[in-house]
């Protein structure tokens with residue numbers, strides 16, 4: 001399947017629109033071979049980057065929400081152990097379709113997902129060779145969600161494990177839901193929180209904890225026979241990701257290409273194992289209105305040649321590649337978002353020539 005991905009374009013997730021229709025029009029008109037479901041954070045906080053994936057933990061009573069703080073684990077509640085026992089009895093012992101469905105995205109937090117399903121049911125898959133979904137990764141969720149003392153939950157082994165277990169079940173549900181259309185599935189973990197690793201303000205983050213959490217989700221995805229990628233929208237320690245068995249690593253090449261240069265050996269090893277680089281080469285900022293397909297192709301060629309001079313196999317770079325925006329388009333205008341998706345289409349067409 002991976003060979004069919006070469007040179008295709010897809011999106012990251014978020015759109016600025018209040019409804020799914022204009023987002024789906026852009027997706028299926030401009031990147032129909034690898035469409036993704038649209039996230040609509042402008043609709044309200046429930047469709048936000050982190051909140052969208054907290055519903056199972058809220059339903060189990062493990063989390064609480066307050067208008068004055070981030071969501072937090074109720075570890076001090078008298079019934080905490082009882083709630084935790086109930087949670088683990090579901091995620092460890094019962095993988096029935098009914099249990100997995102209980103970890104699915106509710107319609108009121110993922111209207112774009114259900115609109116995507118409805119579109120495919122009504123119009124079919126068309127030229128699509130694969131479907132893409134996404135969910136927020138455990139580090140990002142574990143930084144935003146806290147313990148009762150307002151410390152990031154990711155710092156606590158037990159709370160981190162709860163987040164990972166919940167996301168694992170959500171991967172199963174999303175994978176099985178998308179596979180109903182008979183196409184291969186890719187899920188991306190969106191992990192903007194990776195920027196915190198190595199910074200003084202996040203001194204509690206360890207490489208082992210991050211990799212262990214991500215590896216658990218990779219294993220679940222592969223057990224569901226789907227591909228899994230990861231999106232990081234800043235310059236990070238790329239060895240964290242290249243050392244893991246991801247199928248795809250998505251990098252904001254437009255803004256942070258040089259952050260990759262210290263990791264060319266790790267990058268080469270990742271490609272040699274069959275991994276794909278998803279080049280976030282289309283800017284998701286006002287810069288998109290200054291760029292053209294020719295200027296972005298020139299930048300892409302230059303970046304590939306620069307990596308090749310440092311020892312990365314040039315032909316593999318050219319082949320094992322996807323084209324994406326640098327990030328989601330949720331903060332753009334609809335006009336700017338349209339420009340992003342048009343450039344994705346044009347780059348896909350020109351790159352494959």
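Among the listed residues 186, 228, 218, 210, identify the single one that is out of contact with any strand residue (DSSP E or B) (no Cβ under 6 Å at 6 or more places or on another chain), outside any loop (DSSP other than H, G, I, E, B) and under 29 Å from residue 102 (Cα atoms).
Result of the check over 186, 228, 218, 210: 210.
Go through the residues of the stretch 301-315 one by one and say whether even a single one is under 13 Å from residue 347 (Cβ atoms), more than 22 Å from the chain's Cα centre (by Cα), surrounded by fewer than 21 Cβ atoms within 10 Å (Cβ to Cβ) and free of Cβ contacts under 8 Å to residues at least 60 places away in the same chain.
Checking the stretch 301-315: at least one residue is under 13 Å from residue 347 (Cβ atoms), more than 22 Å from the chain's Cα centre (by Cα), surrounded by fewer than 21 Cβ atoms within 10 Å (Cβ to Cβ) and free of Cβ contacts under 8 Å to residues at least 60 places away in the same chain.
Given the criterion under 15 Å from residue 300 (Cα atoms), more than 16 Å from the chain's Cα centre (by Cα) and either modelled with pLDDT of 95 or more or assigned to a helix (DSSP H, G or I) (or both), identify the matching residue among 271, 261.
261
How many residues does the stretch 37-57 contain that are farther than 12 Å from residue 135 by Cβ and in contact with a strand residue (DSSP E or B) (Cβ under 7 Å, 6 or more places away or on another chain)?
3
Which residue, of 161, 82, is without any contact (Cβ under 8 Å) to a residue 40 or more places away in the chain, over 29 Å from residue 3 (Cα atoms), in a helix (DSSP H, G or I) and within 23 Å of the chain's Cα centre (by Cα)?
161
Which members of the stretch 318-344 meet the condition of being closer than 21 Å to residue 4 by Cα and out of contact with any strand residue (DSSP E or B) (no Cβ under 7 Å at 6 or more places or on another chain)?
318, 319, 341, listed by residue number.
What residue, of 61, 44, 76, is at pLDDT below 95 and on the phi > 0 side of the Ramachandran plot?
So the residue among 61, 44, 76 that is at pLDDT below 95 and on the phi > 0 side of the Ramachandran plot is 44.
Name, by its number, the condition in (1) surrounded by fewer than 18 Cβ atoms within 10 Å (Cβ to Cβ); (2) within 24 Å of residue 132 (Cβ to Cβ); (3) touching a residue at least 12 places away in the same chain (Cβ under 8 Å); (4) in contact with a helix residue (DSSP H, G or I) (Cβ under 9 Å, 6 or more places away or on another chain) that does not hold for residue 219.
(3)
The values are calculated or read from the model by the stated rules, or taken from the named source; none is laboratory data. These numbers were taken from a predicted model, which means no experiment stands behind them. Every residue, glycine as well, gets a Cβ built from its backbone with ideal geometry; the counts of neighbours run over all protein chains shown.
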